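J.: Pasting in a structure now, in structure tokens, and then I'll have a few things to ask.
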């Protein structure tokens with residue numbers, strides 16, 4: 001059933017609209033509000049699929065209602081009702097995000113077509129949001145330990161915001177999974193997530209990689225090239241191992257965060273970018289700051305939200321679930337049947353010292369699947385997973 005709200009100060013117009021919509025489709029549930037203030041209150045307290053809103057009303061006009069609705073419930077399509085003298089304002093509301101407008105007195109066919117189209121759009125928006133919330137299985141966080149559940153709750157709270165996030169933890173713990181979930185559960189998920197491994201790029205090239213360069217900026221710059229920040233415009237940039245970034249590059253990243261502007265190497269023209277920054281490191285950045293290798297002002301810009309990913313040795317209860325996950329994934333990748341692990345084999349693996357964390361566990365599971373029997377036994381683990 002579709003819930004529709006009519007916000008209109010003229011009772012006669014409200015009655016006409018209610019009659020038209022009710023006779024058109026008995027699955028329409030139609031509510032009424034006599035002015036903008038009452039309408040906005042109903043919108044705040046109910047889940048409507050569509051709002052028909054007059055432009056000229058006492059207390060609060062339709063433009064003000066539209067602006068408020070776009071702040072609190074932007075997914076609701078708003079159709080504006082305009083009198084003859086309101087046409088210029090009606091067109092203005094389209095620029096502010098209204099779905100459409102209809103004139104008084106309402107033309108029956110135009111009204112019903114507009115309502116159907118608006119409701120179809122609302123359904124598409126809802127379906128799209130559901131799809132966005134379903135994180136790709138490639139970046140699924142496996143486990144039900146207290147520490148992992150805490151991280152999942154943090155992600156659900158932080159992802160829809162624009163807050164910058166700093167993810168810390170040892171190598172191989174899955175910091176990139178957190179970054180991917182933050183992006184995929186955000187409103188930016190339809191735009192790119194651009195990953196940059198700061199430790200893998202030579203210090204003399206990191207600025208060009210991040211901000212781009214113009215032809216002739218240095219010896220090998222044979223043409224203009226956009227950087228990662230430009231590629232991530234309207235999306236997210238994931239700066240992995242940011243603790244390995246040079247101080248000069250850190251200064252430019254700080255400027256990008258402060259001003260939403262970047263400058264290509266060798267250029268004097270600023271480029272505006274709209275990028276959410278998520279960073280990760282396996283280093284203690286406060287120690288790096290104390291020793292002069294990391295900028296304190298950049299740290300405070302990045303660490304609006306801190307998410308600490310624990311080593312595998314601190315979440316051993318998750319190892320059985322991780323083994324099951326990797327077993328199915330590896331079987332799928334190799335086109336083989338899924339092998340099982342005996343209870344004794346799993347127990348032994350839970351007792352290992354996983355210095356390489358989840359990355360090491362994944363490698364060991366793959367080795368056992370290749371070299372072990374049809375069921376991975378305790379003997380297989382002792383023979384093939386020994387350190």
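J.: In units of 2.2 N^0.38 Å, what is the alpha-carbon radius of gyration of segment 162-269?
T.: Working: Rg = 14.3 Å, N = 108, 2.2 N^0.38 = 13.0 Å.
Cα-based Rg divided by the globular estimate yields 1.10.
J.: Two-decimal Rg/Rh of segment 214-348 from alpha-carbon positions, Kirkwood Rh?
T.: Result: Rg/Rh = 1.15.
J.: Could you state the number of Å between the C-alpha centres of segment 196-224 and segment 229-260?
T.: Between the Cα centres of segment 229-260 and segment 196-224 lies a distance of 13 Å.
J.: Sorted from largest down, give the three principal axis spans of the alpha carbons of segment 65-193, whole angstrom values.
T.: 66, 25, 24
J.: Is any residue of segment 184-212 close enough, with backbone N under 17 Å, to a label point placed 7 angstrom from the Cα of residue 291 along the Cα-Cβ axis, and if so, which?
T.: Counting backbone N atoms under 17 Å from the label point, the list is 199.
J.: Cα centroids of segment 90-112 and segment 297-348: how far apart, whole angstrom?
T.: Going from one Cα centre to the other spans 53 Å.
J.: Let me ask something additional. Want the number for residue 353 to residue 92: 0.36 nm per residue separation, take away the alpha-carbon distance, what's left?
T.: 87.5 nm
J.: Quick one: length gained pulling residue 371 to residue 107 fully straight, 0.36 nm per residue minus the C-alpha distance?
T.: Gain on stretching residue 371 to residue 107: 87.6 nm.
J.: Restricting to DSSP H runs of at least four residues, report the calculated mean residue ellipticity at 222 nm for the chain, -39500 (n - 2.57) per run over all residues, nearest 500 deg cm²/dmol.
T.: The helix contribution divided over the chain gives -13500 deg cm²/dmol.
J.: Just to be sure I understand the model, the point goes 7 Å from the Cα along the line to the Cβ. What's the resulting residue 203 to residue 59 distance in nm?
T.: Modelled inter-label distance: 6.5 nm.
J.: Starting from the Cα of residue 226, step 7 Å along the direction of its Cβ; do the same at residue 146; then give the gap between the two resulting points in nm.
T.: Taking the simple label geometry, residue 226 and residue 146 are separated by 4.7 nm.
J.: A follow-up question, please. Relative contact order for segment 66-108: what is it in percent, counting Cα pairs under 8 Å that are at least 6 residues apart?
T.: 44 percent.
J.: Any chance you could list P(r) for the chain, counting all Cα-Cα pairs in 10 angstrom bins from zero, rounded to whole %?
T.: P(r) for the chain, in whole percents per bin: 4, 18, 19, 18, 18, 14, 7, 2, 0.
J.: Among 205-217, 23-35, what's the highest-first ranking by average C-beta atoms within 10 angstrom per residue?
T.: Averaged packing, sorted descending, gives the order 205-217, 23-35.
J.: Related question: How much length, in nm to one decimal, is gained on full extension between residue 68 and residue 306, taken as 0.36 nm per residue of separation minus their Cα-Cα distance?
T.: Value of the extension gain: 82.5 nm.
J.: Under a no-solvent Debye model with one identical scatterer per Cα of segment 1-131, what's log10 I(q)/I(0) at q = 0.12, 0.14, 0.17 Å⁻¹?
T.: Treating every Cα as an identical point scatterer, log10 I(q)/I(0) equals -0.39, -0.54, -0.82.
J.: Relative contact order of segment 2-132, please, whole-number percent, based on alpha carbon pairs below 8 angstrom and at least 6 residues apart.
T.: 22
J.: While we're on this one: Pick from 336, 363, 313 the residue whose mean-square fluctuation is largest in a GNM of the chain, springs joining Cα atoms under 10 Å.
T.: 336
Laboratory data are not the source of any read-out in this text; all were calculated from the coordinates shown. From a predicted model like this one, the values you see are computed outputs, not experimental measurements. Here Cβ is always computed from backbone atoms with ideal geometry, including for glycine, and neighbour counts include all displayed protein chains.
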